[in-house]
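Trainee: Pasting in a structure now, in structure tokens, and then I'll have a few things to ask.
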Amino acid sequence: MSDTAGAWNLAWATALDRLESDVASAEALLTEEHMLRELPKFDPWTPPAGLGPLPLDMRPRADAVLRRQLEVATKLAAAMSGAAMHSLVLGKMVEDGRDPARPSYVDVAM
């Protein structure tokens, strides 16, 4: 392999490593409760300058990363929708001062 081809493959391998790391962080957010409190620093991925086309031998890996990204995006959207619904329900349960006080129990021993 020439030095140019080796550098090209290394650049792509590094780029895919970063994408896989980002997907793994997103997957952890969905499965590990502690990650919900300790959000990872937001650092959007941008392709390195002069990366060029994907080497053919890295296509399966790139396709696998894309599949994982799409799965995580779907799961994150569902989780956000669920969180929004929970927030709406909680908002209806919280006394906001405009509603009259509600009894917390009813005495039926009379």
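Trainee: Whole-Hz Karplus ³J(HN,Hα) for segment 16-28, in order, using 6.51 cos²θ - 1.76 cosθ + 1.60 and θ = phi - 60°, x for Gly and Pro?
Mentor: Along segment 16-28, the couplings run 5, 4, 5, 4, 5, 5, 5, 5, 4, 5, 5, 4, 5 Hz.
Trainee: For labels at L66 and V89 in the simple 7 Å Cα→Cβ model, what's the distance in nm?
Mentor: That separation, rounded to one decimal, is 3.8 nm.
Trainee: Further, regarding this structure: Probe of 1.4 angstrom, ligands and nucleic acids ignored: what's the accessible area per residue over segment 37-81, in square angstrom?
Mentor: Computed with neighbouring chains in place, this is 81 Å² per residue.
Trainee: Let me ask something additional. Multiply the residue separation of A13 and D43 by 0.36 nm, subtract the distance between their alpha-carbon atoms, and state the gained length in nm to one decimal. Working shown, then result.
Mentor: Values: separation 30, 0.36 × 30 = 10.80 nm, distance 1.87 nm.
Full-extension gain reported as 8.9 nm.
Trainee: Consider a paramagnetic label point 7 Å from the Cα of S2 along Cα→Cβ; state which residues of segment 52-67 have an amide N under 18 Å from it.
Mentor: 52-57
The values are calculated or read from the model by the stated rules, or taken from the named source; none is laboratory data. Predicted model, so just to flag it, every value in this text is computed and none were measured. Counting neighbours? That spans all protein chains shown, and the Cβs are built from the backbone with ideal geometry, glycine included. What goes into the accessible areas is simple: the full protein's heavy atoms, side chains included, and nothing from ligands, DNA or RNA. Shrake-Rupley method; radii C 1.70, N 1.55, O 1.52, S 1.80 Å.
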